[in-house]
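Rule-based calculations on the coordinates, nothing more; no lab input. These numbers were taken from a predicted model, which means no experiment stands behind them. Quick reminder, even Gly has a Cβ in these numbers, built from the backbone with ideal geometry, and neighbours come from all protein chains shown.
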Amino acid sequence: MRSFAYDRPATMDRAVALLSGGQAMPLAGGMTLLPTMKLRLSAPEALVDLSSVPELKGISSDGKTLTIGAMTRHIDVARAPEVTKAIPGLARLAGRIGDPQVRNRGTLGGSLANNDPAADYPAAALGLGATLITSKREIAADDFFRGMFETALEPGELLTAVRFPIPRAAGYAKFPHPASRFALVGVFVARFADGVRVAVTGAGPGVFRCPPLEARLAEDFVPEAVAGYAADPKTLNSDIHAEAAFRAHLIGVMARRAVAAALQPTAA
Amino acid sequence: MKISFKLNGKPVEVDIEPSLLLSELLRDKLDLTGTHVGCDTSQCGACVIHLDDESVKSCTILAVSVDGRSVTTVEGLASGEGVDGLHPMQRAFHENHGLQCGFCTPGMLMSAIDFAKRHPKPTEQEVRQWLEGNICRCTGYQNIVRSVLAGAAAMHAAS
């Protein structure tokens, strides 16, 4: 990879200051950034390694919401009692990202800021209607994801934490690509007192909500409510791994499994 | 950039470029070639090492990020004590013929030891699920899974 300047600040203030010019790139777990740099798809002039900023890590709950620091790793989200108790579907999603070694390095904030169109976490953030907290403001998940690898983050703006509303039930199911473990299609469902949210990843150019499924599941939150639903393949991805029609079919299958998982939070 | 860290129990100090990967530091600068690089895209798991006792892929970590931390490679496993001096997981791979060409073996061992520490009573399904980040190009998975189960049992019997 090309050479770059490297800094590992010990405080949030210093990290934000180093990033403020918009030239330096934040380094979280590096599970995407480092491979893209090795392939020379990305060549930042400077990296700001966030691994020593204590304020960016940790999990807390106030009973209504769960707040997770951006540098919290997948493995820590997967096994934290606060998460397995409040939103078990989120813990299970984190426990199935990539492989164990990726989960030992990869972070919540890194995944969301990267917004890979086949990543798992964007489905959870959008499906739960999370609030993304940055060094400058708070952004609703509905406004954060802007299509393939694009987010509402501005240059120099750092994602610091994510606040997830605690739902009555939530579940996630994905059809993993057999080599990369990215979702060919992944569906996150969350049931709240005032309705149901459904977010789909892997199928299109970016994570998106699925209003027809939300309406069906708001009426009756059971796997059978998905029966007969046919997603429109026109806006979905078609590639060597799966044609759009297959992805459209998988949305229904994964939605059904996600609802079943949400109704059985203790099942593996 | 100067960094210092613990490598297989011993303190090490090196002066390196920030763009150097941990796998490159280990193999090219420190001559620890037991850590293999297969795909170099964090898929195959041949380069797995332990960073503070957790398994990670050394081809996808900047060497400068291990400053102040503890790294264990496959060279650090064998204690030299006991019948053959091997780590129980190494012995299990030997006894169960858990390798064919051997290229993936260092990563398999490091991954398997992290697994065994987290799973006191592992099932075959748990082993297979855990090893999704380690690819054996000889497809010798049957004996690898058998080795990991035997190695985990030996590790817990010894502790």
- Among A:151, A:81, A:66, pick out the residue whose Cα is farthest towards the positive end of the charge dipole of segment A:42-165, where Lys and Arg carry +1 and Asp and Glu carry -1 on C-beta, about the Cα centre. A:81
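Can you give the mean number of other chain Cβ atoms that lie within 10 Å of the Cβ atoms in peptide B:48-56? Before the final figure, lay out the partial values.
Details: counts 4, 1, 1, 3, 1, 0, 7, 5, 7.
That works out to 3 on average.
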- Message: Just to confirm my numbers, what's the Cα centroid distance between segment A:48-123 and segment A:151-174 in Å?
- Response: 9 Å
- Query: Which distance in Å, rounded to a whole number, links the C-alpha centroids of segment B:117-157 and segment A:186-219?
  - Reply: 37 Å
- Query: Treating the beta-carbon of each Lys and Arg as +1 and of each Asp and Glu as -1, no other charges, what is the dipole magnitude of chain B about its Cα centre, to the nearest 20 debye?
  - Reply: 340 debye
- For segment B:73-91 and segment A:1-38, what is the separation of their C-alpha centers, rounded to whole Å? 38 Å
- Task: Please state, to two decimals, what the Cα-based radius of gyration of segment A:162-232 comes to when divided by 2.2 N^0.38 Å (N = residues).
- Result: 1.15
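Using only alpha carbon pairs under 8 Å that are at least six residues apart, calculate the relative contact order of segment B:88-158 and give it in whole percent. Working shown, then result.
On the way: 84 pairs, mean separation 38.7, N = 71.
That works out to 54 percent.
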- Within chain A, longest stretch clear of exposed GluC sites (Glu not before Pro) (DSSP loop, no more than 13 other Cβ within 10 Å): A:151-268
- Just give me a number: lysine pairs in the protein assembly as shown, eight or more positions apart or cross-chain, with C-alpha atoms less than 20 Å apart. 12
- Magnitude of the Cβ-charge dipole of the protein assembly as shown, K/R +1 and D/E -1, about the Cα centre, nearest 20 debye? 660 debye
- Query: What are the radius of gyration and Dmax of chain A, computed over its Cα atoms and given in Å?
  - Reply: 18.0, 56
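Any chance you could run the full-extension gain for residue B:2 through residue B:70? It's 0.36 nm times the residue separation minus the Cα-Cα distance, nm to one decimal.
22.9 nm
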- Candidates B:60, B:105, B:139; GNM for chain B (alpha-carbon contacts under 10 Å) flags as most fluctuating B:139
- Item | Longest DSSP-loop-exposure-free segment, trypsin sites (Lys or Arg not before Pro), chain A, at most 15 other Cβ within 10 Å | A:169-268
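Provide Rg over Rh for segment B:29-159; use the alpha carbon set for both Rg and the Kirkwood Rh (inverse mean inverse pair distance). All intermediate terms of the calculation are to be shown ahead of the outcome.
Details: Rg = 13.9 Å, Rh = 14.8 Å.
Across segment B:29-159, the Cα-based Rg/Rh ratio is 0.94.
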- Note on the structure: Computed over chain A: longest principal axis from alpha-carbon atoms vs helix A:244-263 long axis, angle to nearest 10 degrees, is 90 degrees
- For chain A, with a Gaussian network of springs between Cα atoms less than 10 Å apart, report the residue from A:229, A:121, A:172 with the top mean-square fluctuation. A:229
- Query: Which residue fluctuates the most in chain B, going by a Gaussian network model with Cα springs under 10 Å, if the choices are B:47, B:101, B:136?
  - Reply: B:101
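Using a Förster radius of 22 Å, what is the FRET efficiency between residue B:128 and residue A:177 based on their Cβ-Cβ separation? Nearest 0.05, please. Kindly include the intermediate steps, with their values, before the conclusion.
Values: r = 18 Å, r/R0 = 0.80.
Efficiency at R0 = 22 Å is approximately 0.80.
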- Item | Charge dipole magnitude, Cβ of K and R +1, D and E -1 - segment B:2-76, Cα centre, debye nearest 20 | 80 debye
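For segment A:104-248, count all C-alpha to C-alpha pairs, find those more than 23 Å apart, and express that count as a whole percent of the total.
Working: 3657 of 10440 pairs.
Looking at segment A:104-248, the distances longer than 23 Å represent 35 percent of pairs.
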